[in-house]
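The values are calculated or read from the model by the stated rules, or taken from the named source; none is laboratory data. The structure presented is a predicted model; accordingly, all values stated were derived computationally and were not measured. We place every Cβ from the backbone using ideal geometry, glycine too, and count neighbours over all the protein chains shown. Ligands, DNA and RNA are excluded from the accessible area calculation, which covers all protein heavy atoms including side chains. Shrake-Rupley method; radii C 1.70, N 1.55, O 1.52, S 1.80 Å.
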Amino acid sequence: MVLIESLKTHFADLPDPRSDHTKQHLLIDIVVIAICAVICGADTWNDIEEFGRSKEKWFRTFLELPNGIPSHDTFNRVFARLEPQAFQACFMNWVRAIYDVRRGQVISIDGKTARRTHDQASGKGALQTVSAWASANHVVLAQRKVGEGQNEIPVIAELLELLELSGCIVTIDAIGCQTDIARQIVHKEGDYVLALKKNQEFLYEDVKDVFDLEFEARAPFHWVEHDYYRTVDKDHGRLETRECWVVTDPDYLAYVREWKDWPALRSVILVRAERRRGDEVTTEDRYYLSSLAVNAQRCLQIIRSHWGIENSVHWILDVVFDEDRSRIRKDNAAANFVVLRHIALNLLKQEKTLKRGIQGKRLKAGWDTTYLLQVLSGLFT
């Protein structure tokens, strides 16, 4: 069957962690059932087993299933022992085969914690992952687990090494605002927009001073090369105004201490967000370093694209896939279940015929195997 042969191609390099004498179920059967089940609403190993048993007749049309549907304990044991990086590599092979990440696209990198995956009894902390999101394709490109006692910076570097960045714009929150990270992006022929926060004391203050000097002495920027753009959005009784200023003049960039240590630094950016709800008004300023010298409208688009990883990935994983409450934690199981969710999320987002949200698509796929095959067609292209 074309479906199973295509899947074998994408996951051909996935090593089976089990000894031959303990195998009662084929690894490819286990992986296929798990992917289908998570697409259709399964959030636990018990859910996956139940889904498999409910659809056993259908699965037998293209899977061997020599000993029937695996138990939830089997799913748990196998995914707990699978090497996460190997599973993620198969995931990336599929993404590269299916999705064309074009030049100029924003690739957002951000971390997430699955809060309920901690295990106090064994001293194991909650699972942290760092993911890369392609804003135009609306797909997760890759992810990496943050090891126990490790911070996100080396994991971000690992993730960048895996990605094709040529002509793309990489956005990262403040933890990724590091000269080595910027150098790696530029070396791979990409551009960067890196957020700053107050814990980066001198750098933050220097960039802030660039704009303070201009606001105080030359407002509204009549005497220095700059660009400005403003948007106003009204929704659900809330009025949001976003203003963006971009300074590219090298004389003003020189206010940033050690600015020459930042590879290809061409601009500093200020985004001011004002939110009004009734009589309540809040204002927040955010500062960025960038290798781009583009206008303020484009900068604001890029920065807003970064927030898409929160709204289009993290929020959906928590609310629709129940990730934040998941108690899957045994060995590598939590990290591998993240990959299953990302596969499901990518496929559900690419299916455009059903005009419903991700939750509605999961329900429809669970009810209608014809629609499930339509969702899966993105995987088996």
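Structure summary
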item	result
Residues within the range 35-62 that are open to solvent by 10 Å² or more (accessible area, probe 1.4 Å) and of a type outside the set (Asp, Glu), tallied	14
The range 104-123, residues that are part of a loop (DSSP other than H, G, I, E, B) and modelled with pLDDT under 75	His118, Gly123
Leu7 vs. criteria open to solvent by 20 Å² or more (accessible area, probe 1.4 Å) and on the phi < 0 side of the Ramachandran plot	no
All positions within the range 43-88 that are aliphatic (A, V, I, L, M), more than 16 Å from Thr22 (Cα to Cα) and part of a helix (DSSP H, G or I)	Ile48, Ala86
Selection count, the range 346-359, where residues are in contact with a Leu (Cβ under 7 Å, 6 or more places away or on another chain) and open to solvent by less than 10 Å² (accessible area, probe 1.4 Å)	1
Number of the exception - Val313 against (1) under 30 Å from Pro17 (Cα atoms); (2) of a type outside the set (Asp, Glu); (3) open to solvent by 60 Å² or more (accessible area, probe 1.4 Å); (4) in contact with a strand residue (DSSP E or B) (Cβ under 7 Å, 6 or more places away or on another chain)	(3)
The range 186-207 residues that are closer than 20 Å to Asp110 by Cα, paired with ones that are acidic (Asp, Glu) and surrounded by fewer than 12 Cβ atoms within 10 Å (Cβ to Cβ) (beta carbon under 9 Å, 6 or more apart)	Lys188/Glu161
Number of positions in the range 143-181 that are touching a His at 6+ places or on another chain (Cβ under 7 Å) and farther than 19 Å from Gln88 by Cα	1
Whichever residue in the range 264-286 is touching a residue at least 12 places away in the same chain (Cβ under 8 Å) and exposed (fewer than 14 other Cβ atoms within 10 Å of the Cβ) and, among such residues, is nearest to Tyr229 (Cα to Cα)	Asp285
Which listed residue, of Thr369, Thr353, is more than 16 Å from the chain's Cα centre (by Cα) and touching a residue at least 60 places away in the same chain (Cβ under 8 Å)	Thr369
Residue tally, condition surrounded by 11 or more Cβ atoms within 10 Å (Cβ to Cβ), among the charged types (D, E, K, R), modelled with pLDDT of 85 or more and not in a strand (DSSP E or B), over the range 217-263	2
Candidate set from the range 178-212 (those that are open to solvent by 70 Å² or more (accessible area, probe 1.4 Å) and in a helix (DSSP H, G or I)); member that is farthest from Leu270 (Cα to Cα)	His187
Pick from the range 3-25, criterion assigned to a helix (DSSP H, G or I) and in contact (Cβ under 8 Å) with a residue 12 or more places away in the chain, ranking: farthest from Phe87 (Cα to Cα)	Leu3
Residue among Arg304, Arg298, Arg329 that is over 30 Å from Lys260 (Cα atoms) and either assigned to a helix (DSSP H, G or I) or modelled with pLDDT under 90 (or both)	Arg329
